[in-house]
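Throughout, read-outs are computed from the coordinates displayed, never taken from laboratory work. These numbers come from a predicted model, not from an experiment. Cβ placement follows ideal geometry from the backbone for every residue including glycine, while neighbour counts extend to all protein chains displayed.
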Ligand code: PAF
């Protein structure tokens, strides 16, 4: 049985002896509802370090009031089984009151690159992410922490935070895992009906057309609505370091389909 570490104190008591033993540690932050994308992070962590510690914590601070916190899938027992099958021995699963005790008052806020795109459309999201990830990294102090490239702006914002705050952890991005139809794996894909799924698979196709210069952003917007998406928050070519429109090398998109928000990003081919 995989052992559940539930408190900061227990985490530190487990982590500290690994230093004198010379054992390296990787950390895989998740909100649960694990799929192949998360498992690829765990496999990568296990490959690179002696021990990999995933955490499962549904972080309320990264959801705004009208978002899907209440219906976010909770599959803890199945998640633990998947991790155990990979050979994971310990998982950090703190309760919300352990992480945000009464009177908690701090927010970690990256400026600049956290402002456009996700920052514009989900005002609480990136601050909520940087607050939880900062706390978790400081609690665990792993050698490396792994994040999916699917949440590309999140990844870059976390890298910025770790650099700016001199947190002694290497942040690594791991390529997005897609299903056989090109849809990026996401815990939110379970919200999609069969009909939604067919539409959702068009996202990556249209983004590729933008990446290859076959569609400009306005045409992409029209095509996304035409194939059945309800709303497009953005579908835009940006620079992957600054998220400015100058020197674009990545197409990033966020779209809505029957109440579900899907995001994706792909690298642009350099001509
Ligand atoms: O990408 C996620 O699942 C979450 O945003 C993260 C990084 C685990 C923080 O809650």
Region 1-104 shape via C-alpha gyration tensor axes, a/c threshold 1.5: oblate
For region 127-212, the spread of Cα positions along each principal axis, largest first, Å: 45, 30, 22
log10 of Debye I(q)/I(0), alpha-carbon scatterers only, for the chain at 0.10, 0.11, 0.17 Å⁻¹: -0.52, -0.64, -1.46
Label-point separation in nm, residue 120 to residue 78, each point 7 Å along Cα→Cβ: 3.6 nm
Span per principal axis, largest first, for the Cα atoms of region 96-163 (Å): 31, 29, 19
The chain, relative contact order in percent, only Cα pairs under 8 angstrom and at least six apart counted: 17 percent
The chain, helix-only ellipticity at 222 nm - DSSP H runs n ≥ 4, -39,500 (n - 2.57), divided by all residues, nearest 500: -11000 deg cm²/dmol
Fraction of antiparallel bridges per DSSP, region 126-271 only, in percent to nearest 5: 75 percent
Crossing angle, helix 152-164 versus the chain [Cα axis fit, 0-90 degrees, rounded to tens]: 50 degrees
Of all DSSP beta bridges in region 1-153, antiparallel share, percent nearest 5: 0 percent
Considering only the chain, percent of DSSP beta bridges that pair antiparallel, nearest 5: 50 percent
Contact order normalised by residue count of region 113-271, Cα under 8 Å, 6+ apart, percent: 18 percent
Among 197-206, 85-94, 151-160, the order from most to least packed when residues are scored by Cβ within 10 Å on average: 151-160, 197-206, 85-94
Degrees between helix 217-227 axis and first principal axis of the chain (Cα, 0 to 90, nearest 10): 90 degrees
Between helix 125-140 and the chain: long-axis angle, C-alpha atoms, 0 to 90°, nearest 10: 20 degrees
Burial ordering of 66, 3, fewest other beta-carbon atoms within 10 Å first: 66, 3
